[in-house]
1. Taking R0 as 35 Å, what's the FRET efficiency between Lys188 and Leu325 from their Cβ-Cβ distance, rounded to 0.05?
2. Give the distance, in whole Å, between the Cα centre of the range 326-361 and the Cα centre of the range 208-226.
3. How much length would be gained if the chain were fully extended between Ser347 and Phe288, taking 0.36 nm per residue of separation minus their Cα-Cα distance, in nm to one decimal?
4. Where Rh denotes the Kirkwood radius from the mean inverse Cα pair distance, what is Rg over Rh for the range 84-178?
5. Beyond 18 Å between alpha-carbons counts as too far, so tell me which of Lys127/Lys225; Lys138/Lys187; Lys188/Lys225; Lys127/Lys209; Lys138/Lys188 fall in that bin.
6. Roughly speaking, what % of Cα-Cα pairs in the range 160-248 are separated by over 18 Å, rounded to a whole number?
7. Once you list every other residue whose beta carbon is under 12 Å from the beta carbon of Ala245, what net charge do they have if Lys and Arg are +1 and Asp and Glu are -1?
Amino acid sequence: MHQPLIRLKGCTLINHKTTTMLKKIATTSTCALSVFWVMAQTDSSKKASTIFSGHADTYYRYSFADAATQTNNFTSFTNSQNSFELGMVSVRADYSSGRLSATADLGFGKRAQDFSYNDAGSLASIKQLFISYAVSDKLKFTAGKWATHIGYEVVDATGNRNYSMSYGFSFGPFFHTGLKADLALGKKAALMVGIADPSDNTGTLSSTKYMLAQFSIANRNDRIKAYLNFQSGGGITQYNLVATATLSSKWSAAYDGSIQTSNFDGQKSSWLSHAAYLNFDPTPGVGFTLRQDYFDDRKINPLHIGSNIYATTLSANLRLNQLTLIPECRIDHSRESVFTKGNGSMSANSFALILAAIIKI
């Protein structure tokens, strides 16, 4: 879960050689951005446009352990029990003018607060805020705060077919604040490289910086896509693979796998996650998604679960114009007894039902 108690694991300063390299990168990037700014002044002949979009979601969750003071949930955004909850109201504006573009993506509610858990006040409502400049059709630079490239699931409920979140999403990064470059390599391949503050920080006084990368590729008709993702810095290194496949007009599948290692004060730890998704859409208005999730909290229990967990989630998507209803059932099973029963005893199993409503504005 992206909670400060768990996520703020401390920072270790990177060595002098790496610091010198990062300073050179930052200096070069600053010069490049200055050149792009001058170029942008002459790129005002194209008509500017702004597109507004948004959504809102709410849900009810009931855990059959019936532990009034325990949610029996180690994942993000649905930490409630026998309660109707507000998710998030999201408003987004996308501006473009020639080679210049910008996005302001605001969220209000508990989901947005959990997403920006290191921020307070108005900063917690800024999910994304970035400016981009396309040097050419193949190269684009982006600066600001953006949702992470790592993983298959996203913070917006409209972007997921399951309403509850996977373990890989919940313990991986949420967002990055920094500078990145997107380069089209041709033949359906692309590369992203970037440098950012420590993950899930909108601003920091730390000199530690994270290196980011993504290599993506697809087949000719885009029916199969793969993304190899990476982040490293501050004692943390994570590798992630996401693959999607369109099997037919009604069936599709996806895979999301991560391994993250950390080294703080000489203590090494790691976690591993796998999530597989099978989607079936018999009609445009009805869809089903089965997610099989595996999470291994290895070595010295870096995330304080202390066990490996299997989670099976079955969700239906009932679509009516802009409204989507998601009835969902979820079963979590752990090797150790980590879930709390209503009588205070511990159990290795958890069963919960969710009913969510999402509307696109």
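Rule-based calculations on the coordinates, nothing more; no lab input. Being a predicted model, the structure only gives us computed values, none of them experimental. Neighbour counts run over all protein chains shown; Cβ positions are idealised from the backbone, glycine included.
1. 0.50
2. Taking the Cα centre of the range 208-226 as reference, the centre of the range 326-361 is 32 Å away.
3. 18.3 nm
4. Dividing the radius of gyration by the Kirkwood radius yields 1.00.
5. Listed pairs above 18 Å: Lys127/Lys225; Lys127/Lys209.
6. Within the range 160-248, distances greater than 18 Å cover 54 percent of Cα pairs.
7. Here the charged neighbours net out to +1.
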